[in-house]
Amino acid sequence: MFRFAIDPFSFFVGFIAASIFWWLIQLARPMWKEMREGMKEQREVARARKVNVVEENHRRVTLRRAQGMHLAAPLFALDEILQEPRLVAPPQVVEPGVPPKFEDVVSQTLPYMPGWPEISAVYHAQTITLPQALSGNTNIVVIGQPGAGKTVALAHLASLAANRSEKLETLKNAVPFFFHVANLKLPVADPKDVLNPLIDAASEHTPLLDQPRLPAFVQNAFKSGDALLIIDGFDEIPQESQQIFTDYFRTILQNYPKTRIVTSGAPEYLDGLIAMGFSPLTLMAWSARDNEKFIDHWGDLWSRTIALEARSQTGPEQVDSFLLNSWLGTDNMNLSPLELTLKTWGAYAGDSLGPHVLESIATHIRRIAPANTPLAALETLAMQVVVNTQPIFDSRVARGWVKSFEVAEENVEGESAEGTVEETPEETKPKKGKKVEKVATPTSGLLGKMAASGLLVSHPNSKMRFAHPVFAGYLAGRALVNYNVEENILNQPDWSGKYLALRYFAAHGDASKLVNALLGFTRMPMHRPLFSAARWLRDAPKNAPWRGKIFGALAAILQTDGIPLNLRGQAMAAFVVSNDPNATTLFRQFCATLSFDLVHLSALGCGAMRDPKAVQILEHSLQAPSQPVRHAACMALVAIGTNEALETVAHTLLNGDENIRRAAAEALANDPGEGHAMLRDGIAINDILLRRAVAYGLGRVNETWAVEALQKMQIEDDQWVVRNAATEVLESKTSAGSRAPRKLKAPSESPWLIEFAGKQGMGISPGVPATDILLLALKSEQMDLRLAALPYLKFTPNEGVVAQFYDAMYKDEPELREAAYNVLWELGASGVKLPHPNQYGYG
């Protein structure tokens, strides 16, 4: 047995040494911790520096791309020529117990017609900016007809985000991801890879050194909730493709719920977006004042840039811009921003084929088409795009569409481009069975030349599209005159390319069969086929045999009592946009009827068409017992703008009752000349009701002097009634963003619904739609409860809910009727198949 002897001295020394060692370790532990934290911080700073470099480069690239995404990009950057896009303020969402927001008389008088913003532009309805719209917490779909400026609006938003603009307020630091639908390779097989299409699209423009760090940057932006996804072109693709993108949006929002999405849409079809909580907001059309401002601005830019370059070269002498602007300022009624841009460009470039809008489109197509390219080649390509419902087409397939022109295109070398593009389709009609020995590549063949000239846009994976859907529609419409396929196109599911092609076909050929078919399809509550065909009237020949049928159907809707004003107003708007001189006669006749709703809409029609012969009739309408009629008459008289009309409104402002004085003052705000002068003079007149009305009128004047006048009235006026009016107006101007759409609170978190359910002896479970309780609210006696229930019920549009929508739409309460119709419009645009009202005993 072994024994170990422990030396007490050694044990004591070892114990002391160990204690000192661990004591030193304890002292050093904070230092080690600090060193570790410092190293970690340095790694995070280095990583952040790398991310910041990638982000800054991404912002610069996005800004550069956005500034070039507009029609006149070869001439000017977007910010140089931009008129700030504005959106028509949506109807207020009623919430019981919450005071309604301020609304001016003009907005109260105009029906809400998201598919026809031209009327809102005439009367300067209340609008919000894109940043204000995003101040809410919903995703947005910007809707408008082709050429309304949706791409420009999205590009402007992307530019603001790229520059971290203060206008975006809470979204100032948002990271913009701005792409066209053609840039994204969808669908995604695995939801975990949902960001891969965006990463791939961004990598097309990312600097080479940033490529390895791009995926992490994109993922961090979405994970942190800083991503602002802006997708253009959703309005251009057919329904089948739209469904792929709505599924993609849904997957992104499921994985990254804080992501904000803004996309473009057509008023006719918004597949699935409404059900996902997207808010449709209409892009405001340009008013006559906007048109004038744009033409003047274009002339100024042209004289300072393009004209100077032209003078340095041999060429025709430039025409004086004053003369050009005077000519351009006429006959611009109801032109889209795209059409006005083309008209102005043609005038200043001196290559315009004529004053008609169709000639402006033809001029620009000739301008950007490849030299020596037969017009029939362009038309054939566009027709195939529409017939095959492929606005984004595979260039390898498209070669087969135009292969018969490859050799023809080479054989016309030496001919002028003008002579070639001007050829008629009969002269250059493709010969069947013609073979081409050598197939051109996308970069060297006919398609490649179209892309190089700017008529086509190339995308990854051999994808191509026309530079603008209007160009494709125009060319396809011309081609359809020579090919009997228009009825096949009519039977396609709704998409913008279909209606554009048919619209321009109606301008060049006989659309009688199409009109008969559409009138057979049209029905309540939307009448979408009728209103789509009504868009053809402006450009179609005045002697077209089918025009009378369209006008007859529109007049029938306009005269039908008991249906929503929003629906009847669309018929009125269609008459206005047609620019048909007979429409003014019809409106004057309707103003003499005994139906107040019909007189109300007809008065707005007279003003929108600026009919001087209607002044006396409208003056008589100022005495009507209906307030909407009186308000509409004031607005129409100012829109007409003759001395007699303005004097009538001025007399009403001075001598009318309290309500009509306010309407007159707000209407005069629409006239920047005499109208604003009258409001200025009214500030100092010793008449309480007049000064109160003037305060409301000044609230609609977006000028610094008007705000200063209101501030002075708010403080110095000796009558509290006037001071209160000035205060109310000023508060509304500073809270314009309050009209931005917002997500509805969950039913289980909505105070008014919880209170209502409690009174019914019912409860609301979280995560449940609460449809039964909402239907009870819709049937209640309180109007605010009924109005508040409608927005919730649109998310559960089963047969019973739709039946109650129809019941509300045919009630005698005008406010409920209009709100129910707006919900039905959203459902119809989102793809819900709405039955005819007679299924429920209405109509």
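The values are calculated or read from the model by the stated rules, or taken from the named source; none is laboratory data. This structure is a prediction, so every number in the text was calculated from the model and none was measured. Ideal geometry is used to build each Cβ from the backbone, glycine not excepted, and the neighbour counts take in all protein chains shown. Quick note on the areas: whole protein, heavy atoms, side chains included, nothing else; ligands and nucleic acids left out. Shrake-Rupley method; radii C 1.70, N 1.55, O 1.52, S 1.80 Å.
What accessible surface, in Å², does a 1.4 Å probe find on Trp345, ignoring ligands, DNA and RNA and rounding to the nearest 10?
20 Å²
Suppose a student asked you for the relative contact order of the chain, using Cα pairs under 8 Å spaced at least 6 residues apart; what percent would you report?
On the way: 1197 pairs, mean separation 107.3, N = 843.
Relative contact order comes out at 13 percent.
How far apart, in nm, are the 7 Å Cα→Cβ label points at Asp812 and Glu755?
2.8 nm
Between Leu308 and Asp331, what FRET efficiency follows from the Cβ-Cβ distance if R0 is 30 Å, with the result rounded to 0.05? Each step should come with its number before you reach the end.
On the way: r = 30 Å, r/R0 = 0.98.
The computed FRET efficiency comes out at 0.50.
Taking the Cα of Ser595, stepping 7 Å toward and past its beta carbon, and measuring to each backbone N in the range 99-120: which are under 20 Å?
Within reach of a label on Ser595, which here means backbone N under 20 Å from a point 7 Å along Cα→Cβ, the range 99-120 contributes 109-113.
Roll a 1.4 Å probe over the protein heavy atoms and report the accessible area of His205 in Å², nearest 10.
Its heavy atoms expose roughly 80 Å² to the probe.
Please give the solvent-accessible surface of Thr704 in Å², to the nearest 10, using a probe radius of 1.4 Å with every protein chain present.
Surface accessible to solvent at Thr704 totals approximately 100 Å².
On the accessible surface of the chain, probed at 1.4 Å, how many percent belong to carbon and sulfur atoms? Write out the running numbers ahead of the final one.
Values: 20480 of 38240 Å².
Using a 1.4 Å probe with all protein chains present, the chain comes out at 54 percent carbon and sulfur.
Which whole-number value in Å² is the accessible area per residue of the chain, probe 1.4 Å? Before the final figure, lay out each step's value.
Working: 38240 Å² over 843 residues.
The answer is 45 Å² per residue.
Can you tally the net charge around Arg588? Count Lys and Arg as +1, Asp and Glu as -1, for every other residue whose Cβ sits under 15 Å from the Cβ of Arg588. Mind showing how you got there, number by number?
Values: positive: Arg610, Lys613; negative: Asp580, Asp611, Glu619.
Around Arg588, the surrounding residues sum to -1.
So for the pair Gln616, Glu674, with labels modelled 7 Å out along Cα→Cβ, what separation do we get in nm?
Each label point is offset 7 Å from its Cα along the Cβ direction, giving 1.8 nm.
Quick one, could you list the DSSP H helices from the chain stretching 27 Å or more along their long axis (Cα atoms) with average Kyte-Doolittle hydropathy of -0.5 or above?
8-67
With n ≥ 4 as the cut-off for DSSP H runs, can you work out [θ] at 222 nm for the chain, using -39500 (n - 2.57) per run divided by the number of residues, rounded to the nearest 500?
-17500 deg cm²/dmol
Within the chain, what percent of beta bridges assigned by DSSP are antiparallel, to the nearest 5? Can you show the working numbers first?
Working: 11 of 29 bridges.
Counting only bridges with both partners in the chain, antiparallel ones make up about 40 percent.
Averaged over all directions, how much area does the convex hull of the C-alpha atoms of the chain cover when projected, in nm²? Please report the intermediate quantities before stating the final value.
Working: hull surface 223.3 nm².
Reported value for the Cα convex hull: 55.8 nm².
Quick check: convex hull over the Cα atoms of the range 550-704, volume per residue in Å³, rounded to an integer? Write down the numbers at each step before the final one.
Details: hull volume 16.8 nm³, N = 155.
Convex hull of Cα atoms, per residue: 109 Å³.
Test of understanding: what is the full-extension gain from Ile688 to Thr170, defined as 0.36 nm times their sequence separation minus their Cα-Cα distance?
Stretched fully, the Ile688-Thr170 segment lengthens by 182.3 nm.
Filter Lys712/Lys745; Lys542/Lys833; Lys542/Lys613; Lys513/Lys794; Lys223/Lys745 down to the pairs with a C-alpha to C-alpha distance above 29 Å, please.
Lys712/Lys745; Lys542/Lys833; Lys513/Lys794
If R₀ is 41 angstrom, what is the calculated FRET efficiency for the pair Gln627 and Ser512, using the beta carbon separation as r and rounding to 0.05?
Working: r = 43 Å, r/R0 = 1.05.
The computed FRET efficiency comes out at 0.45.
Pull out the extension gain between Asn798 and Thr642, defined as 0.36 nm times the separation in residues minus the alpha carbon to alpha carbon distance; nm, one decimal.
Between Asn798 and Thr642, full extension yields an extra 51.0 nm.
Measuring from a point 7 Å past the Cα of Asp190 along Cα-to-C-beta, which residues in the range 202-223 have an amide N at less than 17 Å?
215-216, 219
What is the Cα centroid distance between the range 769-843 and the range 229-250, reported in whole angstrom?
When both Cα centres are located, 27 Å separates them.
Can you give me the orientation-averaged projected area of the convex hull built on the Cα atoms of the range 621-770, in nm²?
About 12.6 nm², averaged over all directions.
Before anything else, pin down the relative contact order of the range 176-265: Cα pairs under 8 Å, at least 6 apart, normalised by residue count, whole percent.
Relative contact order of the range 176-265: 39 percent.
With a cap of 12 neighbouring Cβ atoms within 10 Å, and only residues DSSP puts in a loop, list the GluC sites (Glu not before Pro) found in the range 725-798. Write out the running numbers ahead of the final one.
On the way: sites: Glu728, Glu731, Glu749, Glu755, Glu781; in loops: Glu781.
Here the sparse-neighbourhood loop sites are Glu781.
List the relative contact order of the range 791-843 as a percent without decimals, with contacts defined as Cα pairs under 8 Å and 6+ residues apart.
Answer for the range 791-843 is 34 percent.
Can you give the FRET efficiency for Arg742 and Asp718, using 1/(1 + (r/R0)^6), R0 = 45 Å, r = Cβ-Cβ distance, to the nearest 0.05?
The calculated FRET efficiency here is 0.70.
According to a simple spin-label model (label point 7 Å from Cα along Cα-to-Cβ), what is the distance in nm between Phe12 and Lys733?
Computed distance between label sites Lys733 and Phe12 equals 9.3 nm.
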